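Notes follow the structure.
The values are calculated or read from the model by the stated rules, or taken from the named source; none is laboratory data. Note that the coordinates shown come from a computational prediction; the quantities given were computed from them, not determined experimentally. Reconstructed Cβ throughout: ideal geometry from the backbone, glycine too, with neighbour counts over all protein chains shown.
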């Protein structure tokens, strides 16, 4: 455990030392404030819109950005050490492979969680300062739900990046696969599901299966965790309309999100134990 903590602290410091994580936190804050302030521009007005609409927009923003950041900060976790010729040296220490990859994974997760909390937390604090009517317990619970699920979303893609890092032989290929994974999960997956519904006519079989297919993508699980609590009228009518026949429990969705963290990490760990260096 001490070895894991030492490695995690090193990765956490490195993520902030190269200022990449700080830039991410600032980016989160500016984009979140921009969406909150200019969200009503299409309706011909500026200023902070309703809290529910703002949170729905922040969910969409996080669904695009957090997976990409998680992949970019962790795709070189193992393959980077191998490319630099330091992996054999690190493994010569009294340190198991499980401790090495667990420490790196924990450090990256902590760095992204802090960036998410700092960036979105600052934006939410300013929004609440400008909107006194949102200073209620329900709003704070929704904010906590958003931050927790966003952190888990980042952890799931860091775990997927670890799988890529273990199974590739050079950093350039790992970076390419990370971008392909981001495109498939963020863009192509939902388009394919919509195409299936459109071409099949949306019969009762597809409508019954569709809510469960969404669980095959951690990004959609993240959206569901946040959007089902907002209800209709917050910009998420399309999603609610396609899942209207199914009621998700928050416990189920969080369990699935945790599985998206644990299973890829276990795959990366198993592959790393068998990997020849």
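Some observations on this one:
- Meets criteria (in contact with a helix residue (DSSP H, G or I) (Cβ under 9 Å, 6 or more places away or on another chain), surrounded by fewer than 24 Cβ atoms within 10 Å (Cβ to Cβ) and either touching a residue at least 24 places away in the same chain (Cβ under 8 Å) or closer than 18 Å to residue 229 by Cα (or both)) for residue 115: no
- One residue stands out among those in region 146-159 that are over 8 Å from the mean Cα position of the chain (by Cα) and farther than 15 Å from residue 256 by Cβ: the one that is surrounded by the fewest Cβ atoms within 10 Å (Cβ to Cβ), which is 147.
- Residues of region 52-89 satisfying the condition of being free of Cβ contacts under 8 Å to residues at least 12 places away in the same chain, out of contact with any helix residue (DSSP H, G or I) (no Cβ under 6 Å at 6 or more places or on another chain) and under 24 Å from residue 177 (Cβ atoms): 84, 85, 86
- Residue within region 187-201 that is under 13 Å from residue 66 (Cα atoms), part of a helix (DSSP H, G or I) and touching a helix residue (DSSP H, G or I) at 6+ places or on another chain (Cβ under 9 Å) present: no
- Restricting attention to region 219-236, the residues that are modelled with pLDDT under 80 and either surrounded by fewer than 14 Cβ atoms within 10 Å (Cβ to Cβ) or touching a helix residue (DSSP H, G or I) at 6+ places or on another chain (Cβ under 7 Å) (or both) add up to 8.
Here is a yes/no grid of residues against (1) surrounded by fewer than 15 Cβ atoms within 10 Å (Cβ to Cβ); (2) modelled with pLDDT under 80; (3) not in a helix (DSSP H, G or I):
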position	(1), (2), (3)
6	yes, no, no
11	no, no, no
24	no, yes, no
35	no, yes, no
45	yes, yes, yes
54	no, yes, no
58	no, no, no
70	no, no, no
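- Tally of residues being at pLDDT 85 or above and in a loop (DSSP other than H, G, I, E, B) across region 72-94: 4
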